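Colleague: Take this structure first; my questions come after.
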Amino acid sequence: MSKPWTKTRKRAISSLITLGFLVVVLLVMNVLIQLGLVNAGVVDMLKFIGINIIAAVSLNMVSGMMGQLVLGHAGFMLVGAYAAAMFTNAVGWPLTASLTPALIIGGLLAAIIGFLIGIPALRLRGDYLAIITLGFGEIIRVIANSLTITNGAKGYYGFPTFSTRQDPATLFNFIFVIAAFVVFFSYTFGTSRHGRAVIAIREDEIAAESSGIRTTYYKLLTFTLSAFFAGVAGGLLAHQLGIIDPSNYGFSKSVEILMMVVLGGMGSITGSVVSASVLTFLPEVLRGFANYRMLIYSVLLICVMLFRPKGLFGRAELRVIKPYEWLRDRHRAKKAQKTGGGGS
Amino acid sequence: MYFLTQLLNGLGVGAIYALVALGYSMVYGIVQLINFAHGDIIMVGSFTVYTILSWNFPVPVAVMGSILFCAIVGMIISRVAYQRLLNKGAPRIALLITAIGVSMLLQNLYQLIYGSGAKAVPRMFDLPAITVGGVQISNTLLNIAVALVMMVLLQLMVGRTKTGKAMQATSEDAGAATLMGINTSRIILFTFAIGSALAAVGSVLYNNTYQQITPYMGAMLGLKAFVAAVFGGIGSIPGAMLGGFILGIAEGLNNAYGNSVLTDAVVFGLLIIILLIKPAGLLGKHVREKV
Amino acid sequence: MRPIVLEVEDLSVYFGGLRAVEAVSFYIKKGQIVGLIGPNGAGKTTIFNLLTGVYAPTRGAIYLDEKSILKKKTWQRSQMGMARTFQNIRLFKDMSVIDNVKTAMNNQLDYTMLSGVFRGPGYRKEERAVSRRAHDLLDVMGLDAQADEYARNLPYGQQRKLEIARALASNPRVLLLDEPAAGMNPTETAELLQTIRMVRDRFDLSVLLIEHDMSFVMDICEYIFVLDYGRIIAAGEPEDVRNNPQVIEAYLGGEALGADDDA
């Protein structure tokens, strides 16, 4: 009667549903924003959520999927921020045109630095890798603070940004599309042969090597990719805030992103997306608890590690196909009832 | 002249790093954990000294009180946070993240209690003024003396006492140690207590040397002490000493000749160099993973 | 005269003062099932680690198909045809059974990362092929029904089988099995014996195994090397080894090995 319900078909339909859903959301948001029906503060919030999603999902690739604790993620964001901002500043094009190349350049520069750092760093075992990435993150920040071209600790500003009156939705669109892409990339990467190799490294590096996996290559690849997307996130953040303050891209920021990955479930892309959203949103809503925020976070972090180390989602992912199957089965059941249960 | 000052200061600071590095090294030797919260124990120690002194107790009470309190805090942390994960055989990354959480917890807790501003600490020890070439070195000498004494005591304890030998056994092969009748949980607790006590001693010296404390002082200090421990050879007691002093001198030299803003970068630079050339550290032993 | 697939010459490794393996030499012919036995701590797993490149020898040579592999890294040796299982099972626990196998087939796949990410034709074609091969392999080992199950959920005996399946996935010439029968009851052990023979015949490979279960070793091995304190003290066919006084001395100090227990 109907086509065989193979895995491939399931995946194809999942993808279509997801794509359709995203397109609809994007269009709806644009309409709402243009009609002025959405508070600018809400749009800002959504933009920050998007940026954090990009940062968290990219960190998830190296820390969650590959199991390598990296503590300098914010350093790559900082590099990408400067590169992107300096580019848009230098070319003088309208931002809508210059932002895409700027982000690519930011990502590439972060990736190059990530690659250079990764070559020595990834040879080291877990704890040492964590410390050395922490160190590099701090070195990047310290250097940024002392260079003249970055304007040091005073912050780099004066580069183009979108005006809220003329381009209220443009940056939102950029962030939305890029975040969706990063999630997509992370998912397809994770389910490809490269993803299997990467996960194997997390599960048992020695067994992975014995099975023929070139661990050094994959570690470097994933680390560089993660740095690339962090750079892109940084570039977006810079153009959202209009200023790059190195102190915002230090160890605390790295830990914040790490928390999103950990709480959501290391290795779960859905988890990273959800917890990035919640952890960006919650502090705004719970303004009154601002003083206790970091304290609560630290307690939360410890509790999660002690009682549910797999995080909220564990390693599970959102199965888009499930709701579809449920709806379809209900539909068929109804149809079968109507025709008196006959036929196949 | 300036060079001499910075060099001597560097030695004085190095002694503090050495003391803290000792604690790091010991804990890492036993549980293979970089206790991120270790640096913040120094902060706890410093604030304890500050508080006890502010209640007008004499200095010796403040010192003993701080050592005791830190040892207890260290034991609580290890029991509540780490022991559980260690028993479950949790992956290393989980322990590291928990340690980060504990560190954040301590920093923010103390920030809430004491406020984030710096607190001035009165001079603690009435030392005879000793000068070399016009430079006051009494503090430096004190720091170095205390650090050396602590190192010797620690070496004696680990090498000669029954508990010390049990510590060595646990650090080499925890499984075998348990089979030999050693209560490894108790040994781990003890190690954390000693490590934290050493950090407290370091905090006393810190208060005396710098006379200013903040809730965030522990983070950078701890990290630098960790670099010192790795540099000298993690798991090695004389190595921690060596690493601490070398780091202190390197910082002093950088302050004298280089850009002092880049001091932190220099510290991490040293770490990167040693990890690339001799990851086991100057005096460390290379430990093979059992396959 | 069957060709030699694996040869080891004067292999030694010292850890500080400890001579874990000392002047070990042996070889395995194509299609042979060879046993490596010895008391606990004799250095058997260490030899495996040397063969696969986890440890670097202090001295000696290793030849796979007459080519020296000393300079090769572990993953390269796997590509050249050396696969192993581990004493304490080292599966990819949070991966499905079939993914465990597919992971070991990574070197037979070619598609680039971009092709994988954007699901290009290379990805689709190669993944289909690898899926088929993985299912076939699981089927041979009797695990196909659990293909999508998480490896950690498998019962112990099946986990051991999965480890062997994963080792087979990389198309090895030599299969190194480290205590494959550990923790198995007699029924499972008998089944394992059949499986190893079947695998050897079907995939045309040679097997070197470490084992403590003496009757299992005597049954399945065509040739045995005995290790004690890092040195080979005896070598020969099972019957000869069983009655070799030095071997008996090393193990039990008196009783014959694998003999029927009537005491």
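The values are calculated or read from the model by the stated rules, or taken from the named source; none is laboratory data. These numbers were taken from a predicted model, which means no experiment stands behind them. For neighbour counting, all protein chains shown are included, and Cβ atoms are generated from backbone atoms with ideal geometry for every residue, glycine included.
Colleague: Name the strands (runs of 3 or more DSSP E) wholly inside the range C:151-263 in which the number of residues that are under 30 Å from C:N106 (Cα atoms), modelled with pLDDT of 90 or more and touching a Gly at 6+ places or on another chain (Cβ under 8 Å) is 1 or more. Step through it out loud before you land on a result.
Modeller: Working: elements: C:174-178, C:206-210, C:223-228, C:231-236.
So the answer is C:174-178, C:206-210.
Colleague: While we're on this one: So in the range B:212-260, with the set limited to residues that are among the aromatic types (F, W, Y) and buried (at least 24 other Cβ atoms within 10 Å of the Cβ), which one is nearest to A:M294 (Cα to Cα)?
Modeller: Residues of the range B:212-260 that are among the aromatic types (F, W, Y), as a first pass: B:216, B:226, B:231, B:245, B:257.
If we keep only those that are buried (at least 24 other Cβ atoms within 10 Å of the Cβ) as well, we get B:226, B:231.
Details: B:F226: 24, B:F231: 32 Å.
Of everything passing the filter in the range B:212-260, B:F226 is nearest to A:M294 (Cα to Cα).
Colleague: Only one of (1) more than 15 Å from the chain's Cα centre (by Cα); (2) in contact (Cβ under 8 Å) with a residue 40 or more places away in the chain is not met by A:A200, so which one is it?
Modeller: (2)
Colleague: Same structure, new question: Suppose we filter C:D139, C:D178, C:D144, C:D148 for residues that are within 14 Å of another protein chain (Cβ to nearest Cβ) and over 30 Å from A:L221 (Cβ atoms); which single one remains?
Modeller: Details: C:D139 fails: within 14 Å of another protein chain (Cβ to nearest Cβ); C:D144 fails: within 14 Å of another protein chain (Cβ to nearest Cβ); C:D148 fails: over 30 Å from A:L221 (Cβ atoms).
Result of the check over C:D139, C:D178, C:D144, C:D148: C:D178.
Conditions (1) assigned to a helix (DSSP H, G or I); (2) polar (S, T, N, Q); (3) within 13 Å of another protein chain (Cβ to nearest Cβ), marked per residue:
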residue	(1), (2), (3)
A:T280	yes, yes, no
A:G288	yes, no, no
A:L295	yes, no, yes
A:S298	yes, yes, yes
A:V304	yes, no, yes
A:K310	no, no, yes
A:R315	no, no, yes
A:L318	no, no, no
A:L327	yes, no, no
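Colleague: Right, next: I need the full set of residues from the range A:194-220 which are at the interface with chain C (Cβ under 7 Å from one of its Cβ atoms) and farther than 18 Å from C:A83 by Cβ, in order please.
Modeller: A:H194, A:I199
Colleague: Can you tell me which residue within the range A:45-99, out of those that are buried (at least 24 other Cβ atoms within 10 Å of the Cβ) and among the hydroxyl-bearing types (S, T, Y), is nearest to A:A130 (Cα to Cα)?
Modeller: A:S63
Colleague: Of the residues A:G212, A:G235, A:G242, A:G231, which single one is surrounded by fewer than 21 Cβ atoms within 10 Å (Cβ to Cβ) and of a type in the set (G, A, S)?
Modeller: Step by step, each of A:G212, A:G235, A:G242, A:G231 is checked, and only A:G242 is surrounded by fewer than 21 Cβ atoms within 10 Å (Cβ to Cβ) and of a type in the set (G, A, S).
Colleague: Given the conditions (1) touching a residue at least 40 places away in the same chain (Cβ under 8 Å); (2) more than 26 Å from B:M150 (Cβ to Cβ); (3) aliphatic (A, V, I, L, M), which single one is not true for B:L276?
Modeller: That leaves (1) as the condition not met.
Colleague: Of all residues in the range A:121-154, count the ones that are within 9 Å of chain B (Cβ to nearest Cβ), of a type in the set (A, V, I, L, M, F, W, C) and assigned to a loop (DSSP other than H, G, I, E, B).
Modeller: Of the residues in that region, 1 qualify.
Colleague: For the range C:18-132, which fully contained strands (runs of 3 or more DSSP E) count at least 1 residues that are more than 9 Å from every other protein chain (Cβ to nearest Cβ) and exposed (fewer than 15 other Cβ atoms within 10 Å of the Cβ)?
Modeller: Values: elements: C:18-29, C:33-37, C:59-64, C:82-84.
Where strands (runs of 3 or more DSSP E) fall fully within the range C:18-132 and carry at least 1 residues being more than 9 Å from every other protein chain (Cβ to nearest Cβ) and exposed (fewer than 15 other Cβ atoms within 10 Å of the Cβ), they are C:18-29, C:59-64.
Colleague: Report whether or not B:S66 is of a type in the set (S, T, Y), crowded, with 17+ Cβ neighbours inside 10 Å and closer than 30 Å to A:I201 by Cβ.
Modeller: Numbers: of a type in the set (S, T, Y): yes; crowded, with 17+ Cβ neighbours inside 10 Å: yes; closer than 30 Å to A:I201 by Cβ: no.
No, not satisfied.
Colleague: Looking at the range B:75-96, can you tell me whether even one residue there is in a helix (DSSP H, G or I) and more than 14 Å from chain A (Cβ to nearest Cβ)?
Modeller: Let us first name the residues in the range B:75-96 that are in a helix (DSSP H, G or I), namely B:75-88, B:92-96.
From the residues that got through so far, the ones that are more than 14 Å from chain A (Cβ to nearest Cβ) too are B:75.
Checking the range B:75-96: at least one residue is in a helix (DSSP H, G or I) and more than 14 Å from chain A (Cβ to nearest Cβ).
Colleague: Quick one: which of C:L138, C:L143, C:L193, C:L176 is surrounded by 22 or more Cβ atoms within 10 Å (Cβ to Cβ) and not assigned by TED's automatic domain parsing to the domain that holds C:L109?
Modeller: Numbers: C:L138 fails: not assigned by TED's automatic domain parsing to the domain that holds C:L109; C:L143 fails: not assigned by TED's automatic domain parsing to the domain that holds C:L109; C:L193 fails: surrounded by 22 or more Cβ atoms within 10 Å (Cβ to Cβ).
Of C:L138, C:L143, C:L193, C:L176, the one residue that is surrounded by 22 or more Cβ atoms within 10 Å (Cβ to Cβ) and not assigned by TED's automatic domain parsing to the domain that holds C:L109 is C:L176.
Colleague: If only one of A:V262, A:V274, A:V285, A:V278 is surrounded by 20 or more Cβ atoms within 10 Å (Cβ to Cβ) and without any contact (Cβ under 8 Å) to a residue 40 or more places away in the chain, which one is it? Spell out the reasoning first.
Modeller: Numbers: A:V262 fails: without any contact (Cβ under 8 Å) to a residue 40 or more places away in the chain; A:V285 fails: surrounded by 20 or more Cβ atoms within 10 Å (Cβ to Cβ); A:V278 fails: surrounded by 20 or more Cβ atoms within 10 Å (Cβ to Cβ).
So the residue among A:V262, A:V274, A:V285, A:V278 that is surrounded by 20 or more Cβ atoms within 10 Å (Cβ to Cβ) and without any contact (Cβ under 8 Å) to a residue 40 or more places away in the chain is A:V274.
Colleague: Taking the condition more than 9 Å from chain B (Cβ to nearest Cβ), crowded, with 16+ Cβ neighbours inside 10 Å, assigned to a helix (DSSP H, G or I) and touching a residue at least 12 places away in the same chain (Cβ under 8 Å), does A:G267 pass? Full working, then the answer.
Modeller: Working: more than 9 Å from chain B (Cβ to nearest Cβ): yes; crowded, with 16+ Cβ neighbours inside 10 Å: yes; assigned to a helix (DSSP H, G or I): no; touching a residue at least 12 places away in the same chain (Cβ under 8 Å): yes.
Taking the combined requirement at face value, the residue does not satisfy it.
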